[in-house]
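Starting off with a structure, shown below.
The values are calculated or read from the model by the stated rules, or taken from the named source; none is laboratory data. Not measured: the values here are computed from a predicted model. Cβ atoms come from the backbone with ideal geometry, glycine included; neighbour counts cover every protein chain shown. For the accessible areas, the whole protein counts, side chains as well, though only heavy atoms, and no ligand, DNA or RNA atoms are used. Shrake-Rupley method; radii C 1.70, N 1.55, O 1.52, S 1.80 Å.
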Amino acid sequence: MPAEPEPAPGAARLAVPATPYAFEMDPARTALVIIDMQRDFLYPGGFGALLGNDVSMLLKVVEPLQAVLCLARAAGMAVIHTREGHRPDLADCPPSKLARGRLDTPIGAEGPNGRILIRGEEGHGIIEELAPVEGEIVLDKPGKGAFFATDLEHILRNAGITHLVVTGVTTEVCVHTTVREANDRGFECLVLSDCVGSYFAEFHEVGLKMIAAQGGIFGWVTPSPEFIAAVEPSVPLSAVARDRSLSS
Ligand code: C5J
């Protein structure tokens with residue numbers, strides 16, 4: 001595995017209080033990864049709802065995640081938004097995924113927000129509150145993990161990114177899979193507990209515990225106020241104010 005690059009001259013090494021111990025990061029080498037904050041998972045009529053889930057469970061993530069996104073932009077961190085979905089011809093959707101759940105309205109079928117989990121459809125889009133801005137990466141992924149069948153690893157290595165702050169939905173599915181994939185590739189991952197969400201409170205709690213257990217077997221976990229308090233002092237006040245006004 002390649003050694004971690006030397007910190008850039010003058011690089012800020014911040015310590016974010018976390019479980020199981022402080023997460024040390026340099027914002028210039030850290031990306032905020034926002035997993036699948038798509039209408040298909042958060043709004044009625046989408047894929048999540050068709051699977052029988054209470055989608056309102058995920059909405060509580062939006063507000064804290066907006067604050068983190070705003071700070072990450074002001075701190076000049078790389079921002080990567082992922083979207084789970086498929087080509088309109090479904091050529092990249094395994095038959096097993098298509099058949100799973102025996103849904104009356106399966107992936108690719110017409111739903112209230114367009115074809116379910118299909119790229120370019122309204123339901124596939126990222127919710128307005130967290131809309132990507134110019135310069136941010138939007139990564140389409142056919143699977144649960146953001147590294148599977150995507151160029152994410154190349155993008156991160158080319159940008160010198162070594163650390164990920166992971167947010168989005170759902171805690172025990174796409175967030176967990178992505179953190180495990182990232183961990184095996186040598187990336188250090190901090191998961192923000194209030195910025196990830198699940199349709200199942202129990203899976204959310206246990207999913208977070210699994211990440212940080214055994215000395216941080218897959219990574220670190222902390223609530224977003226700890227992350228914000230650690231990063232905010234390194235950001236010029238004017239940048240925070242500008243970003244807040246842009247996001248409101
Ligand atoms: C799921 C996801 N749960 N983004 N996708 O199917 O977690």
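Which one is surrounded by the fewest Cβ atoms within 10 Å (Cβ to Cβ), of the residues in segment 12-45 that are within 16 Å of the ligand (Cβ to nearest atom) and in a helix (DSSP H, G or I)?
R39
Rundown of residues vs (1) polar (S, T, N, Q); (2) on the phi > 0 side of the Ramachandran plot; (3) assigned to a strand (DSSP E or B); (4) surrounded by 16 or more Cβ atoms within 10 Å (Cβ to Cβ), yes/no style:
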| residue | (1), (2), (3), (4) |
| --- | --- |
| L98 | no, no, no, no |
| T167 | yes, no, yes, yes |
| E172 | no, no, no, yes |
| V175 | no, no, no, yes |
| S193 | yes, no, yes, yes |
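Of G108, G143, G160, which residue is free of Cβ contacts under 8 Å to residues at least 24 places away in the same chain, part of a loop (DSSP other than H, G, I, E, B) and either of a type outside the set (D, E, K, R) or over 23 Å from T30 (Cα atoms) (or both)?
G108
Only one of these is within 16 Å of the ligand (Cβ to nearest atom) and at pLDDT below 95: G48, G85. Name it.
G48
In addition: Pick out the one residue from A131, A72, A91 that is open to solvent by 60 Å² or more (accessible area, probe 1.4 Å) and of a type in the set (A, V, I, L, M, F, W, C).
Values: A131 fails: open to solvent by 60 Å² or more (accessible area, probe 1.4 Å); A72 fails: open to solvent by 60 Å² or more (accessible area, probe 1.4 Å).
Exactly one residue qualifies, and that residue is A91.
Could I ask something else about it? Residue by residue through segment 146-157, note down the ones that are surrounded by fewer than 18 Cβ atoms within 10 Å (Cβ to Cβ) and outside any loop (DSSP other than H, G, I, E, B).
E153, H154, I155, R157
Then there's this: Every residue in segment 177-191 that is open to solvent by 10 Å² or more (accessible area, probe 1.4 Å), away from the ligand (no atom under 16 Å from the Cβ) and not in a loop (DSSP other than H, G, I, E, B), please.
Once the filter is applied, which keeps residues that are open to solvent by 10 Å² or more (accessible area, probe 1.4 Å), away from the ligand (no atom under 16 Å from the Cβ) and not in a loop (DSSP other than H, G, I, E, B), segment 177-191 yields N183, D184, E188.
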